[in-house]
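The values are calculated or read from the model by the stated rules, or taken from the named source; none is laboratory data. Keep in mind the model is a prediction, meaning the values are calculated, not measured. Virtual Cβ from ideal backbone geometry, glycine too; neighbours counted across all protein chains shown.
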Amino acid sequence: MSDRADRKHRIVTRFQRHLANPLNRRLPFQTLLETTGRTSGEPRRTPVGGRRVGDSFWLVSEFGHRSQYVRNIQADPRVRVRIAGRWHHGTAHLLPDDDAVARLRALPRFNSAAVRAFGTDLLTVRVDLTD
């Protein structure tokens, strides 16, 4: 990763971790992805943007394999997603061969614009919902 991309990653993740995510997690309508911490084993809730399509929920990670929730998924793909205030269990799949930029066109505009603007290594994630 270039120095510029690395700096961008540090700035954006610091902002998200300390300001944006704590605020967004409290919003009842915010979609949340809950993973299991790969070291702690504790639930980790991350605000995400995405869309449910049938029995799947699609999202794009702005920092790819550097995202903490992606690393948690690699360790344990069992996740929960809160959509419209209701929790759903599922299994997450990382899809590096999917065209993440094209995928963003099918997802909510506001979040997609932010992911494109701040992202440095886009990665599509599909969650197959079981309930």
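Mind checking which residues of segment 46-91 are of a type in the set (Lys, Arg) and under 22 Å from Asp121 (Cα atoms)?
Within segment 46-91, Arg51, Arg66, Arg71 qualify.
Checking Leu19 against (1) part of a helix (DSSP H, G or I); (2) surrounded by fewer than 19 Cβ atoms within 10 Å (Cβ to Cβ); (3) modelled with pLDDT of 90 or more: exactly one of these is not met. Which one?
Condition (3) is where Leu19 drops out.
Scan segment 89-98 and give yes if some residue there is hydrophobic (A, V, I, L, M, F, W, C) and in contact with a Lys or Arg (Cβ under 8 Å, 6 or more places away or on another chain), otherwise no.
yes
Being among the β-branched types (Val, Ile, Thr) and modelled with pLDDT of 95 or more: is that true of Thr130 here?
Yes, satisfied.
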